[in-house]
Amino acid sequence: MTYPGILPDTDDALTAPFWAAAREHRLVAQRCSRCGAYCWTPSEVCPECLAPLAEWAPLSGRATVWSLAVYRRAMHPAFEDAVPYTVAMLELPEGIRMLGMILTSTGDADRDGEVRIGDEVRADFLEADDDVTLVRWRAARAAGDDYSEAKHD
Amino acid sequence: MSGSRGVAIAGVGATAQGELPGRSANGIAVEAIELALADAGLTKHDVDGLITCRNLQAHVGIDEQIGELLGVSPRYGATLDYGTGNFSLHLAAMAIRSGLAETIVLAYGTNQRSAKADFGIAVGGGAEMAAANGVVHVAGRAALAFRRHQFQYGTTEEQLGWVSVAQREWAQRNPLAIFRKPLTIEDYLASEPFVAPLRRADLTMISDGGAAMVVTTAERARDLAKRPVNVAAMAQRTAFRADHDAESLSRPWLGKLAEELWSKSGYRPEDVGALYIQDATSVWVLQMLEWYGFAPLGQGGELLASGATRPGGSLPVNTNGGQLSEAYMWGWLHLVEAVRQLRGEAGERQVPGLEVALDVSSHDFLKGAASILTTRS
C-alpha cells in the first residue's frame, strides 16, 4: 500500500543524516560539539552558541506526551487515507521537543485516543516505501511493558 | 502616543469579501486603497508613503507592484513579509514619527480563495518534519495547544465554543461578513471535529478580499474628513526560538508582550471597551484573553462562557465577526472595524460610548503585536 501522507526529501543536505539513521532504526538529533546542546528541528548552527552543527547523536528514543490532537479530517489532501490519526507534542529527556505521530501500544494508528497527556511513548519506525523510513511513537502503557521502567533513567 | 508626533488612522476601506474570481491580489489591494483614501477625503496624490503586505503563498502584494498599479511614486515604500494589520500599522507609525513620510496608505489584498492557495503545509522552519508526522495546517498545533489548556485548567470544548458562537452573533450584525448563518452553542457542539478537539467553526475561513488604511500625523488627521483614531500605544515581541520548549504552543511570550504594552502605555485592561484579537483559530482568542490580562491564566474559558464577549456583553470581542465569521484578512478588518466602532459608525453592532480599543495579532508561534487605539486626544 502506498504511504498515505507527505514524504520528506531524504536527500536534503540538512536532514539527510536524520533519515539515513531512521533507515537503520536509530533516532538521532544534532548535538552541538561546542556547548553540548541538542537541537531540533535540524539547523545549520547551534541556536544556543552559534557553532556549526555537524554532529548527530543518538537519542534515548523515549518521550513524554505534552499534548495530543486527533486529525479526523485530512487537513491536507495527502492524508485523506490516513485519517483518523493522532499527533502529539513530545518532550524528550534530551531537552528538546518534537512533533510526532502516535501509534497504540500494539503499533496501530491511534484512532481513538488511547494515548494520554503525560504518557511515555517510545520511538518506533515505519518503512513508508523502499527509500524512506519514518519515525513514529508507540504508546508504552501496556502492563509489563519494558518501557515503563525507563521513565526515570 | 507620547512626543510631538502623534499618529492617527484617518481613513479605512474594505472591499467585498468572499470570492472575487478573476481578480488579482494587487488589483484588490488598489481597490481597497481607493476606498480608504476616499474615506479620509484624500486622493493618491496626497500620499507620500505606501506600505503593503506580501501574500503568504505568492510573490504578490509587494509595494513596487502595487505602487506601479496605483500610479504613484511616494517618498517611502515598504512591504512586510508577514503584515497582519497592526504589524503594518506600527511600521507606518514609525515611518511617520521618523519623518520618512507624513501620510501613508497601507493595504492588503488577496485572492487566496479563488487562487486555491495551499494552507496545509505549516509555515516556517521544521515544516517538513512536522508534515512527515502528519502535523499539517495550523489547526494541528492549535488543537495541541487547546488540549493542553484543557489538561492544565479543565477548560471545556463548550467554553471554547463560545468564541465562535459569540463572533457569529456579531457577524450577523455585519453586512460585510461572509458567515452570517446563525450558530448556537448546540450547533457548535454537535458539529464534527476536524482536528479534535477543534471543529470547523474554530478555524479561519479562506477568503478573497482587500482592506486598507490611511495613517498620518495626529495633527494632519484633525483636518481630514473623518474623526481621527489615535494610535495610543504599540508593542511587539518575537518568539523565534522555541526548539527546547513544548510550552511554546501556549505562547507564554504573549504575556511578556502584554506586560510591556500595559506598563509602557499606562492603560489597563479595564480601559478597553472593545477587543480585537486576530483569530486564525479560536484558540488564539482564548490564549490572548488570558495573556493580555482580561482573565487570569486558565480562566479564559469561564470568561467566554459568561457571555462577556457577545453582543451586549461587558467585553465585546471581534465585533466584526473576526476571521472565524467575517473574512480572512490577516487582522486588517479587525482594525477597520475598530476604527469604525471608535468613530461610532458600526450601526446595529455599535458598542455604545466606545473610546478605547485594543487590537492584538500574532503570526503563528513566531511573533505578536498589540495596538491601543483611541478617539481620546
Q: Compare the peptides B:202-210, B:152-160 by average per-residue count of other Cβ atoms within 10 angstrom and give them in order, highest first.
A: B:202-210, B:152-160
(Q) For a protection proxy built on the mean count of beta-carbon atoms within 10 angstrom, sort B:284-297, B:176-189, A:77-90, B:134-147 highest first, please. (A) B:134-147, B:284-297, A:77-90, B:176-189
Q. Once amide H atoms are placed 1.01 Å from N in the peptide plane, what residues at a sequence separation of 5 or more from A:Leu99, or on another chain, have their amide H within under 5 Å of its amide H?
A. A:Leu90
Q) Amide H neighbours of A:Asp124 under 5 Å, counting only residues 5+ apart in sequence or on other chains, H built in-plane at 1.01 Å? A) A:Arg136, A:Trp137, A:Arg138
(Q) Placing unit charges on C-beta atoms (Lys and Arg positive, Asp and Glu negative, everything else neutral), compute the dipole magnitude of region A:60-153 about its Cα centre in debye, rounded to 20. (A) 460
Q | Rounded to 5, the percent of DSSP beta bridges in region A:76-139 classed as antiparallel | A | 90
Q.
Using all alpha carbons of chain B, what is the percent of pairwise distances in each 20 Å bin, ordered from the shortest bin to the longest?
A. 31, 61, 8
Q) Between A:Gln30, A:Val121, A:Ala20, whose Cα lies farthest towards the positive end of the dipole of chain A when Lys and Arg beta carbons carry +1 and Asp and Glu beta carbons carry -1, centred on the Cα centre? A) A:Val121
**Q.** Per-residue average of Cβ from other chains inside 10 Å of A:71-81
**A.** 6
Q) Across peptide B:244-253, how many C-beta atoms of other chains are within 10 Å of each residue C-beta, on average? A) 4
Q) Which of rounded, prolate, oblate describes region B:262-370, given a ≥ b ≥ c as roots of the alpha-carbon gyration tensor eigenvalues and a/c under 1.5 marking rounded, otherwise prolate only if a/b is larger than b/c? A) rounded
Q) Can you give the net charge of the other residues whose Cβ lies under 9 Å from the Cβ of B:Lys226, counting K and R as +1 and D and E as -1? A) 0
Q) Straight-line reach from B:Lys181: which aspartates and glutamates have a Cα under 15 Å away, not including same-chain ones fewer than 8 places off? A) B:Glu169, B:Glu326
Q) Whose amide H sits under 5 Å from the amide H of B:Ala233, counting only residues 5 or more places off or on another chain, with H placed in the peptide plane? A) B:Ile372
**Q.** Cα gyration tensor category, rounded, prolate or oblate, for chain A with a/c compared to 1.5
**A.** oblate
Q) For region B:131-198, with only Lys/Arg (+1) and Asp/Glu (-1) charged at the beta-carbon, what is the dipole magnitude about the Cα centre, in debye rounded to 20? A) 280
Q.
So if I take the alpha carbon set of region A:11-58, get Rg, then get Rh from the Kirkwood formula, what is the Rg over Rh ratio?
A. 0.96
Q) Of A:Val132, B:Trp170, B:Leu342, which is farthest on the positive side of the dipole of the protein assembly as shown, counting Cα position, with +1 on Lys and Arg Cβ, -1 on Asp and Glu Cβ, and the Cα centre as origin? A) B:Leu342
Q) Normalised by the residues of chain B, what does the relative contact order come to in percent, with Cα pairs under 8 Å and at least six apart? A) 24
Q: Provide the descending list of Cα extents for region B:257-313 along its principal axes, expressed in whole angstroms.
A: 30, 23, 20
Q | Selection from B:Met234, B:Ile277, B:Asn318, by position along the positive dipole direction of chain B (Cβ) | A | B:Met234
Q) Taking the Cα centre of region A:11-58 as the origin, how large is its charge dipole in debye, to the nearest 20, when only Lys and Arg (+1) and Asp and Glu (-1) carry charge on their Cβ atoms? A) 180
Q | Greater than 26 Å apart at Cα, pairs in B:Lys44/B:Lys226; B:Lys116/B:Lys256; B:Lys116/B:Lys226 | A | B:Lys116/B:Lys256; B:Lys116/B:Lys226
**Q.** Order by protection proxy (mean Cβ within 10 Å, highest first), peptides B:221-232, B:86-97
**A.** B:86-97, B:221-232
Q: Calculate the spin-label point distance for B:Glu19 paired with A:Glu48, positioning each point 7 Å from the Cα along the beta-carbon direction, and give it in nanometres.
A: 5.3
(Q) Restricting to DSSP H runs of at least four residues, report the calculated mean residue ellipticity at 222 nm for the protein assembly as shown, -39500 (n - 2.57) per run over all residues, nearest 500 deg cm²/dmol. (A) -7500 deg cm²/dmol
Q: Enter the mean number of other protein chain beta carbons within 10 Å of the beta carbon of each residue in B:136-149, as an integer.
A: 5
Q) Once label points are set 7 Å from the Cα along Cα→Cβ at both B:Arg97 and A:Thr10, what is their separation, rounded to one decimal in nm? A) 5.3
Q. HN-Hα J couplings of region B:159-171 from phi, Karplus 6.51/-1.76/1.60, θ = phi - 60°, integer Hz, Gly and Pro as x?
A. 4, 5, x, 5, 4, 5, 5, 4, 5, 5, 4, 5, 4
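Every number here is computed from the coordinates shown, using simple stated rules; none is lab data. Not measured: the values here are computed from a predicted model. No Cβ is skipped: glycine too gets one built from the backbone with ideal geometry, and neighbour counts run over all protein chains shown.
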